[in-house]
């Protein structure tokens with residue numbers, strides 16, 4: 001998508017970001033008759049143009065090639081999509097509605113108004129139809145079956161997580177096509193005459209007496225431009241949204257409460273081929289949720305090698321049999337919190353995160369239980385992802401592994417980021433119950449930033465339900481010029 005020669009545009013509604021929050025926001029606003037412009041910093045990459053979970057995908061669709069980290073002891077690697085469709089283009093497509101106990105907690109602790117479960121469930125029905133959310137129609141991958149088998153043998157609760165996928169007749173787990181935002185809500189937005197501009201970074205918003213009036217942007221070719229608007233809806237994600245607000249002088253309580261699902265990993269080796277390079281397991285083990293859950297990661301040879309790299313001197317030869325390897329994770333619902341801080345002169349914000357003592361203990365127990373799960377599933381060897389880790393071949397090795405484990409030695413990471421502009425009616429909530437930024441009249445946030453804390457499940461369903469709820473309130477309460 002090209003920008004006009006004058007590098008200036010105007011719109012009734014400017015939507016910044018095109019992921020799980022921005023795409024439905026743009027689609028519904030445009031369908032309601034608003035003149036909508038969607039700006040996206042990354043490129044438009046069509047599905048099928050890159051291999052899922054490949055290095056090329058990381059280079060073209062992730063921010064900084066997927067190499068970003070929240071500083072702390074330890075530092076925690078995280079990933080952000082940076083392309084049309086955002087994280088929906090690069091994630092595993094697993095879909096879980098927000099648990100009722102989480103919704104109850106948010107209503108109780110954050111005073112959210114008009115946040116009824118029945119309303120959110122109705123939106124969930126709508127989203128699931130739009131994204132074709134469904135279980136795998138045929139056989140599961142061997143790596144996914146290993147999770148289910150190990151859980152069954154241990155008597156632990158597990159289930160298949162549906163995905164936003166379409167499948168051909170007679171298809172199986174590998175034949176699905178991800179129903180990401182570039183396949184669903186962004187086409188709806190452009191069909192309703194919304195304009196999508198990719199390769200357009202918003203540097204800051206110009207604020208006059210509590211009202212945003214203009215966005216200053218940088219285009220992919222380095223040119224500068226401006227966008228005038230009546231309303232702006234910020235949907236850049238839990239890192240970029242607070243950073244943009246801070247660069248715009250909107251700092252009050254913004255970016256101080258980053259919440260994530262920290263994970264630790266291991267690689268399991270089986271006697272038979274289990275590796276599917278371009279897919280992930282759909283089973284998850286929820287016996288210890290919401291605090292702790294287990295699942296499978298992408299395991300192509302490069303990612304398997306990365307999971308072995310903490311103890312490469314002893315584990316490295318295992319990569320020669322990469323078809324027998326699969327990578328798994330233990331994820332926790334963290335009590336810790338982080339900061340997102342935009343610094344003068346820096347393109348990207350400083351991100352920090354602090355794990356609590358409870359978080360560290362839970363990660364340790366989680367890795368031990370995950371290793372036990374893999375042994376029960378039939379793994380011949382387990383390679384934990386921390387420096388100096390021993391090879392685990394039988395149950396008696398688990399005690400040795402746990403004694404040697406320390407979070408400071410581990411490769412901790414997360415793909416679920418939220419809560420940097422939490423909504424609610426408390427005095428410390430930066431945004432109100434519908435995402436309007438306090439201290440402004442026309443700045444809204446409508447993405448994962450709004451969630452008051454990490455929901456304990458993949459957050460995309462929650463983000464989309466909240467975004468649709470909020471944009472509908474905007475439509476109901478705002479006069480459309482068109």
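Things worth noting here:
- Verdict on residue 243 being modelled with pLDDT of 95 or more, assigned to a strand (DSSP E or B) and within 19 Å of residue 71 (Cα to Cα): no
- One residue alone among 39, 133, 45 is over 22 Å from residue 419 (Cα atoms) and touching a helix residue (DSSP H, G or I) at 6+ places or on another chain (Cβ under 7 Å), and that residue is 45.
- Strands (runs of 3 or more DSSP E) wholly inside the range 324-381 that include at least 3 residues being modelled with pLDDT of 95 or more and surrounded by 24 or more Cβ atoms within 10 Å (Cβ to Cβ): 325-332
- Within the range 165-211, the residues that satisfy the criterion of being more than 17 Å from residue 141 (Cα to Cα), part of a strand (DSSP E or B) and in contact (Cβ under 8 Å) with a residue 60 or more places away in the chain are 195, 196, 197, 198, 200, 201, 202, 205, 207, 211.
- Only one entry of 192, 169, 129, 122 meets the criterion of being at pLDDT below 95 and at negative phi, and that entry is 169.
- Number of the exception - residue 319 against (1) in contact with a helix residue (DSSP H, G or I) (Cβ under 7 Å, 6 or more places away or on another chain); (2) under 21 Å from residue 82 (Cα atoms); (3) in a helix (DSSP H, G or I): (2)
- Boolean, residue 481 is part of a loop (DSSP other than H, G, I, E, B), more than 26 Å from residue 75 (Cα to Cα) and touching a residue at least 40 places away in the same chain (Cβ under 8 Å): yes
- The residue list 43, 74, 99, 52 contains one member that is touching a residue at least 12 places away in the same chain (Cβ under 8 Å), surrounded by fewer than 22 Cβ atoms within 10 Å (Cβ to Cβ) and under 30 Å from residue 225 (Cα atoms), which is 43.
- The lone exception for residue 238 - which of (1) in contact with a helix residue (DSSP H, G or I) (Cβ under 7 Å, 6 or more places away or on another chain); (2) part of a loop (DSSP other than H, G, I, E, B); (3) farther than 12 Å from residue 328 by Cβ it fails: (2)
- The one condition in (1) without any contact (Cβ under 8 Å) to a residue 60 or more places away in the chain; (2) buried (at least 19 other Cβ atoms within 10 Å of the Cβ); (3) over 20 Å from residue 81 (Cβ atoms) that residue 266 fails to fulfil: (1)
- Yes/no for residue 79 being under 15 Å from residue 298 (Cβ atoms) and either assigned by TED's automatic domain parsing to the domain that holds residue 220 or in contact (Cβ under 8 Å) with a residue 60 or more places away in the chain (or both): yes
- Test: residue in the range 460-468 that is in a loop (DSSP other than H, G, I, E, B) and either surrounded by fewer than 24 Cβ atoms within 10 Å (Cβ to Cβ) or at positive phi (or both): no
- Candidates 112, 120: the one that is more than 22 Å from the chain's Cα centre (by Cα) and farther than 30 Å from residue 10 by Cβ is 112.
The values are calculated or read from the model by the stated rules, or taken from the named source; none is laboratory data. Everything quoted here is computed from the prediction, not taken from an experiment. All Cβ positions, even for glycine, are placed from backbone atoms using ideal geometry, and neighbour counts span all protein chains on display.
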